[in-house]
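Remarks on the structure that follows.
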Amino acid sequence: MRSAPLLLIGVACAPEAADSTAPPAASAPIVTTGPCAGVAPVVTVRTPDELDARLQAGDDFWLINVHIPYEGEIAGTDAHVVYTDTDALEALLAYDHAADALLYCKTGPMSAQATADLVARGYCNIQDLPVGMAGWEAEGYPLLP
């Protein structure tokens, strides 16, 4: 979790259907330069318990809500960025392809798309909470309004 100014970027659009069980960007090529050199970028899937453990440990990572429209958030969220605005996500991460970031939405498809888009651009430490805020709440964790 980082101390960063809140970034709200909005656009109205409907989510595309996505299979959140399939690993996004599985065919991403191995990065040959920069901080991810020698790594084939993939999305790491996290559970609510794993996310909570990272938050409780005070890990230094970006927690980004990519759901539209806004329907609440997980405590500790650093920013809200529309899932289709990959340029804004990259800017938030300061174009650091090794940035440690965990993205989530309400039920999974929007964060799956956003994480896949970042991986396709060569980011090698992107994580997804595929159960989203719904799964977070189902596990007994609270949401902020």
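The values are calculated or read from the model by the stated rules, or taken from the named source; none is laboratory data. The shown structure was predicted, so the numbers you read here are calculated from the model rather than taken from an experiment. Backbone-built Cβ (ideal geometry, glycine too); neighbour counts: all protein chains shown.
All of (1) of a type outside the set (Val, Ile, Thr); (2) surrounded by 18 or more Cβ atoms within 10 Å (Cβ to Cβ); (3) modelled with pLDDT under 95; (4) on the phi < 0 side of the Ramachandran plot hold for ALA79 with one exception: (3). Applying the condition of being part of a loop (DSSP other than H, G, I, E, B) and not polar (S, T, N, Q) to the stretch 82-96 and asking which residue is surrounded by the fewest Cβ atoms within 10 Å (Cβ to Cβ) yields ALA94.
For the stretch 32-48, how many residues are at pLDDT below 80, over 9 Å from CYS124 (Cα atoms) and part of a loop (DSSP other than H, G, I, E, B)? Residues flagged as at pLDDT below 80, over 9 Å from CYS124 (Cα atoms) and part of a loop (DSSP other than H, G, I, E, B) within the stretch 32-48 amount to 2. ASN65 satisfies every condition listed in (1) crowded, with 24+ Cβ neighbours inside 10 Å; (2) among the polar types (S, T, N, Q); (3) over 10 Å from the mean Cα position of the chain (by Cα) except (3).
Scanning the stretch 132-145 finds one or more residues that are surrounded by 24 or more Cβ atoms within 10 Å (Cβ to Cβ), touching a residue at least 60 places away in the same chain (Cβ under 8 Å) and at positive phi. Among the residues of the stretch 98-112, the one identified as surrounded by fewer than 23 Cβ atoms within 10 Å (Cβ to Cβ) and not in a loop (DSSP other than H, G, I, E, B) is PRO109. Return a yes/no flag: does the stretch 96-104 have any residue that is among the aromatic types (Phe, Trp, Tyr) and within 15 Å of LEU63 (Cβ to Cβ). Yes; the residues of the stretch 96-104 include at least one that is among the aromatic types (Phe, Trp, Tyr) and within 15 Å of LEU63 (Cβ to Cβ).
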